[in-house]
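In what follows, a single structure is set out as structure tokens and then discussed.
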Amino acid sequence: MKNTLKTMLALMLGIMMVFAMTACGGSSDSGDSEAAEGGEGGTLKVVTEATFAPFESTDEEGNIIGFDVDMMNAIAESQGLTIEWVNMEFDSLIPALQSNQGDIICAGMNKLAGDRAEKVDFGDTYFESDLMLLVKSDSDLTGIDAVTSDMKLASQIGTTGGDMVQQMKEEGKIADGVVLNQWTDCYLQLQNGDVQGVIVDKPVGEAYLNAHSDIAKFVGDSFGEHEEFAFAVQKGNTELLDKLNAGLAELKENGTYEELVAKWFS
Ligand code: ARG
């Protein structure tokens with residue numbers, strides 16, 4: 001009888017110890033470290049929208065190229081990070097980080113715009129810009145203030161330019177604010193005469209004009225909020241953000257940043 005009782009007590013003690021171990025996270029694959037370093041095997045997903053040359057666009061083989069790509073690749077190398085690039089619509093970028101479908105946004109995104117900084121954490125500014133009005137070469141428009149209520153303006157959905165054309169429509173300043181997924185479609189609508197202007201970031205409009213100065217031009221001065229482009233990480237991922245900021249500072253320190261500016265904006 002006594003031996004049976006002893007055996008039962010030892011068994012109960014053993015079961016209690018197993019439960020105690022499991023409750024204290026005894027698992028070695030908690031995955032916490034992996035979460036900080038990104039998804040599968042520590043590869044970080046950099047999400048972007050690649051019709052925004054010279055920051056990001058696609059070459060003939062479909063590779064994503066541009067200033068942002070070279071800059072982030074150099075930052076990743078300097079910080080020992082493994083990254084992969086994922087192309088998606090601009091207004092999907094912040095939701096991608098919020099739903100853990102991406103780790104870094106690098107897309108010429110203005111860190112000062114709207115409520116973006118409430119949803120993701122932005123890094124240090126890596127480029128500054130303003131908005132401009134792009135029109136056809138034969139347009140009589142002299143600037144954004146000369147646009148009339150019978151006109152249509154286009155820009156990219158989810159961007160500062162896109163928000164502006166929609167606001168102008170709501171205020172009755174234009175007949176329609178056309179917001180499209182890709183900048184290339186905005187330019188096409190301009191050339192087809194479907195819209196009378198495109199609101200675009202100055203360096204991006206300049207890149208377009210370098211190749212299309214015969215059919216388009218800028219009119220007037222820049223307008224809207226002065227923009228500060230920054231990469232972004234998921235809210236609270238300070239470990240990754242500190243690495244990216246350190247990498248950017250290193251690029252500026254060792255001359256790589258200036259070389260990339262010369263390469264993509266000369
Ligand atoms: N700078 C503007 C913004 O932050 C436009 C950015 C568009 N970027 C892109 N890769 N399509 O809204």
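Figures for the structure shown
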| item | result |
| --- | --- |
| Gain on full stretching of the segment that runs from Glu89 to Leu112 - 0.36 nm per residue minus C-alpha separation | 6.3 nm |
| Zone residues, the stretch 177-204, relative to Phe223, backbone N less than 12 Å from point 7 Å out along Cα-to-Cβ | 197-200 |
| Partners for Lys136 among aspartates and glutamates (Cα-Cα distance below 15 Å; same-chain residues under 8 apart left out) | Asp185, Asp194, Glu206, Asp214 |
| Per-selection Rg to Rh, the stretch 152-238 - Cα, Kirkwood hydrodynamic radius | 1.02 |
| Flagged links, alpha-carbon separation over 23 Å, of Lys45/Lys235; Lys111/Lys152; Lys217/Lys252 | Lys111/Lys152; Lys217/Lys252 |
| Spin-label model distance (nm) - Gln98 vs Glu128, 7 Å beyond Cα toward Cβ | 3.0 |
| At 1.002 mPa s and 20 °C, Stokes diffusion of the stretch 33-173 via Kirkwood alpha-carbon radius, µm² per second | 126 |
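FYI, it's all coordinate maths here, none of it is from the lab. As the structure is a computational prediction, the values presented were derived from the model and not from experiment. Positions of Cβ are backbone-derived with ideal geometry, glycine not excepted, and every protein chain shown enters the neighbour counts.
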